[in-house]
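Novice: The structure is given below, and queries will be raised subsequently.
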């Protein structure tokens, strides 16, 4: 299945209140985007 069907868009994920201060952390945002890129390349 395309990654878009399995995971929410990164921007939507970063709006989740459960993330707290992580949502504005550039390191966390980089890590999330890296995981999404990996998933898109290896899981489709």
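Readers should treat all values here as calculations from the given coordinates under stated rules, not as data from a laboratory. All of these numbers come straight from a predicted model, not from anything done at the bench. Reconstructed Cβ throughout: ideal geometry from the backbone, glycine too, with neighbour counts over all protein chains shown.
Novice: So how far apart, in nm, are the two label points at residue 3 and residue 27 if each is 7 Å from Cα heading toward Cβ?
Specialist: For the pair residue 3/residue 27, the computed spacing is 2.3 nm.
Novice: When the helix-only estimate is applied to the chain (DSSP H runs of n ≥ 4, each -39,500 (n - 2.57), divided by the residue count), what is the mean residue ellipticity at 222 nm, nearest 500 deg cm²/dmol?
Specialist: -16500 deg cm²/dmol
Novice: Cα extents of segment 3-42 along the three principal axes, largest first, in whole Å?
Specialist: Between the extreme Cα coordinates on each principal axis of segment 3-42 lie 29, 19, 11 Å.
Novice: On to the next question. Relative to the longest principal axis of the C-alpha atoms of the chain, give the angle of the C-alpha long axis of helix 26-42, reported between 0 and 90° and rounded to the nearest 10°.
Specialist: Once rounded, the angle reads 10 degrees.
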